[in-house]
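Novice: First, the structure itself, so that you have it in front of you.
The values are calculated or read from the model by the stated rules, or taken from the named source; none is laboratory data. Remember, it's a predicted structure, so these values are computed and weren't measured experimentally. Cβ: placed from backbone, ideal geometry, glycine included. Neighbour counts: every protein chain shown. For the accessible areas, the whole protein counts, side chains as well, though only heavy atoms, and no ligand, DNA or RNA atoms are used. Shrake-Rupley method; radii C 1.70, N 1.55, O 1.52, S 1.80 Å.
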Amino acid sequence: MKIEPIPHNQFATPSLHAQGLYIGGEWLPGQGIDVINPATGEVLAQVADAGLEDAVKAVNAADSAALQWRKTSARERAEILRRWFHLMNEHAEELAHLIALENGKALPDARGEVAYAAEFFRWYAEEAARIPGEFRHTPSGSHHILVDHEPIGIALLITPWNFPAAMATRKIGPALAAGCCVILKPASETPLTAYAMARLGAQAGVPDGVVNVLTTSDPAGVTNAILADPRVRKLSFTGSTAVGRILLAEAAKSVVSCSMELGGNAPFLVFDDADLDAALDGAMVAKMRNAGEACTAANRFYVQDGIHDEFVAALTQRMAALTVGPGTEPQTQVGPMITAAAVAKIDRLVTDAATRGARVHTGGRPLPGPGYFYPPTVMDNIPATAPIAYEEIFGPVAAVYRFNTEDEAISMANDTEYGLAAYVYSGDMARALRVGKRLESGMIGINRGLMSDPAAPFGGVKQSGLGREGGVTGILEFMEAKYFAVDF
Ligand code: NAD
């Protein structure tokens, strides 16, 4: 079925992206899942609710397209991705509006996400044409080794609500570049962006069945059914560590290759010799991008004794000055949290820390509704035993801790099961790199509060995940090495 383009002035209308499941290039009508505007608590639209039979349809559709897609030249796949990149940019403002509506994030954050998301298509359009192979002589001289990289097969992509566009393109880009067909299951809180992007993909020339999108209120049932199908060879998941563990166990049953981008608990270290203004700028970005709802969000600020009090005072001033409101309002800097449950979790962590002796310098109580708002909050004097020190806050709360020595800072920073992102601010680059080397984390920001970049390998160690997305290695997560032993 041909997908008609939607005029620009209508593209951000939620109901237009609630046409049904997108399978095999067609919209299969359906309803059942309310998409809520977190700024008001009102229903924006209803999207389709896939069942087990839709799971089979999606695998069938991907399977029908698979042979042709893997035979399509790398250049042609690249051109399609590049057109999709351009279409996302042409619709950037409408996509940002849609994200701000369903996710709640402030428009500047939403615009930033769309630009970042589209870049994965451009980057992987470029990488598609550079898929590596290998030729070697065996050390014994007995034969030659030839290594080819083949598309791994049908990939199931599961994404969270906090970056509805970027978490999808970070997977779809390399998968399509590698020659794989995909089934995307976006989070039910933010499905409209995924369906809108699928529409743009069809316009860009993605063949029917290469990208399928389904929403469901039964993620476990539907994704287990997909994973149990022997034609599905890849699971790429971004979400919480708890769900990642469940999916790894499920994927083990059919020995499906897994990439896991899971939770974080990022430490943000500021040494006495840091440029304080630069550290504050970085702290605001690392903490407040998406109102704190980011896996890379600074969760624990460790500030050296000599500048601790000055840092807390200045951070408090900046946080208290932020404007909270609906993400779609132009003056808003901090949008609502995704759900009432998210606000309740933040409230629990902050209240618990306060009862254990923490000082609250600004914020500290949920804001009245409608909508799910929590104010920018700064706390210090927090005991290390408080849950806020080891759980993901996922909200606009800066928890600040004091340290004295480098060793103390490193040991506090590493005292977590997570290892996704960490930040170091110091005027001494040798120290910053030395500390960075000892931090147990997949990504280290040195005098920088933002590290995400499509050209860099994104991912974590410990309970934060397996594998890397982006960069030059991201495409290999969707490929299988085939070795030829060759005599000639
Ligand atoms: P979540 O784990 O609750 O859900 C993620 C996705 O998994 C959603 O699509 C959800 O519907 C689906 N899901 C839930 N239960 C499932 C099951 N049993 N089987 C199959 N699918 C299931 O996470 P969330 O609340 O949407 O997102 C927030 C989490 O994501 C945070 O922990 C955050 O750190 C993490 N995250 C990590 C990265 C990263 O790159 N490492 C990026 C963004 C978010």
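Novice: If amide H atoms are built 1.01 Å from N in the plane of the peptide, which residues on other chains or at least 5 residues away come under 5 Å of the amide H of residue 362?
Specialist: Here 378 satisfy the definition.
Novice: Near the amide H of residue 480, under 5 Å away, which other amide H atoms are found, from residues 5 or more places off or on another chain, if H is placed in the peptide plane?
Specialist: For residue 480, whose amide H was placed from the backbone, the distant partners under 5 Å are 150, 152.
Novice: Mind checking the log10 I(q)/I(0) for the chain at q = 0.05, 0.10 Å⁻¹? Debye, one equal scatterer per Cα, no solvent, two decimals.
Specialist: Debye curve over Cα of the chain, log10 I(q)/I(0) at q = 0.05, 0.10 Å⁻¹: -0.19, -0.75.
Novice: How big is the accessible area of residue 365 in square angstrom, nearest 10, if you roll a 1.4 angstrom probe over the protein chains?
Specialist: Number for this one is 150 Å².
Novice: Before I look further, what does segment 48-157 give for accessible area per residue, probe 1.4 Å, in whole square angstrom?
Specialist: 43
Novice: Need one number: % antiparallel among DSSP beta bridges in the chain, to the nearest 5.
Specialist: Counting DSSP beta bridges with both partners in the chain, the antiparallel share is about 45 percent.
Novice: With a 1.4 Å probe and all protein chains left in place, how much of the accessible area of the chain comes from carbon and sulfur atoms, in whole percent?
Specialist: 54
Novice: Here's something else I'd like to know. Pull out a ≥ b ≥ c, the square roots of the eigenvalues of the alpha-carbon gyration tensor of segment 258-388, then state rounded if a/c is under 1.5, prolate if not and a/b is larger than b/c, and oblate in the remaining case.
Specialist: Details: a/c = 1.35, a/b = 1.31, b/c = 1.03.
It is rounded, given that a/c, with a ≥ b ≥ c, falls under 1.5.
Novice: If I ignore ligands, DNA and RNA and count only protein heavy atoms, how much of residue 75 is accessible to a 1.4 Å probe, in Å² to the nearest 10?
Specialist: My reading of the accessible area for residue 75 is about 150 Å².
Novice: Residue 238 accessible area, nearest 10 Å², 1.4 Å probe?
Specialist: About 10 Å², rounded to the nearest 10.
Novice: Same structure, new question: Quick one: 3J(HN,Hα) in Hz for segment 445-458, Karplus 6.51/-1.76/1.60 with θ = phi - 60°, rounded, Gly and Pro as x.
Specialist: x, 9, 6, 9, x, 9, 10, 4, 7, x, 7, 10, x, 9
Novice: Another question about this same structure. Determine ³J(HN,Hα), in whole Hz, for all residues of segment 396-401 in sequence, where each value follows from phi through the Karplus function 6.51 cos²θ - 1.76 cosθ + 1.60 and θ = phi - 60°; x replaces Gly and Pro.
Specialist: Result, rounded to whole Hz: x, 10, 9, 9, 10, 10.
Novice: Let me know the Rg and Dmax you get for segment 222-261 when you use only its Cα atoms, in Å.
Specialist: Using the Cα atoms of segment 222-261, the pair Rg, Dmax is 9.2, 26 Å.
Novice: I would also like to ask the following. Give me the one-decimal nm value for the distance between modelled label points at residue 321 and residue 52, 7 Å along each residue's Cα-to-Cβ direction.
Specialist: Rounded to a tenth, the inter-label distance reads 5.8 nm.
Novice: Oh, and also: Taking K and R as +1 and D and E as -1, what net charge do the other residues with C-beta under 13 Å from the C-beta of residue 188 add up to? Show your work: numbers first, answer last.
Specialist: Working: positive: 185; negative: 34, 49, 102, 189, 218.
After counting each charged neighbour, the total is -4.
Novice: Ok, one more. Compute the label zone of residue 487 within segment 140-168: residues whose backbone N is under 11 Å from the point 7 Å along Cα-to-Cβ.
Specialist: So the set is 142-144.
Novice: Convert each backbone phi in segment 369-379 into a coupling constant with the Karplus relation 6.51 cos²θ - 1.76 cosθ + 1.60 (shift: θ = phi - 60°), then list the ³J(HN,Hα) values in order as whole Hz, x for Gly and Pro.
Specialist: Going residue by residue, I get x, x, x, 10, 9, 10, x, x, 9, 10, 9 Hz, with x marking Gly and Pro.
Novice: Show that you can apply the helix-only estimate: for the chain, add -39,500 (n - 2.57) for every DSSP H stretch of four or more residues, divide by all residues, and state [θ] at 222 nm to the nearest 500.
Specialist: The per-residue figure over the chain is -12500 deg cm²/dmol.
Novice: Let me ask you something else. Once a ≥ b ≥ c are taken as the square roots of the eigenvalues of the Cα gyration tensor of segment 1-56, is the result rounded (a/c under 1.5), prolate (a/b larger than b/c) or oblate (a/b not larger than b/c)?
Specialist: Oblate shape, in that a/c is at least 1.5 and b/c is the bigger or equal ratio.
Novice: Give the relative contact order (percent, whole number) for the chain; include only Cα pairs under 8 Å separated by 6+ residues.
Specialist: Value for the chain: 18 percent.
Novice: I've got another one for you. In terms of modelled amide H atoms, which long-range or inter-chain residues lie less than 5 Å from the amide H of residue 32?
Specialist: Residues meeting the amide H criterion: 47.
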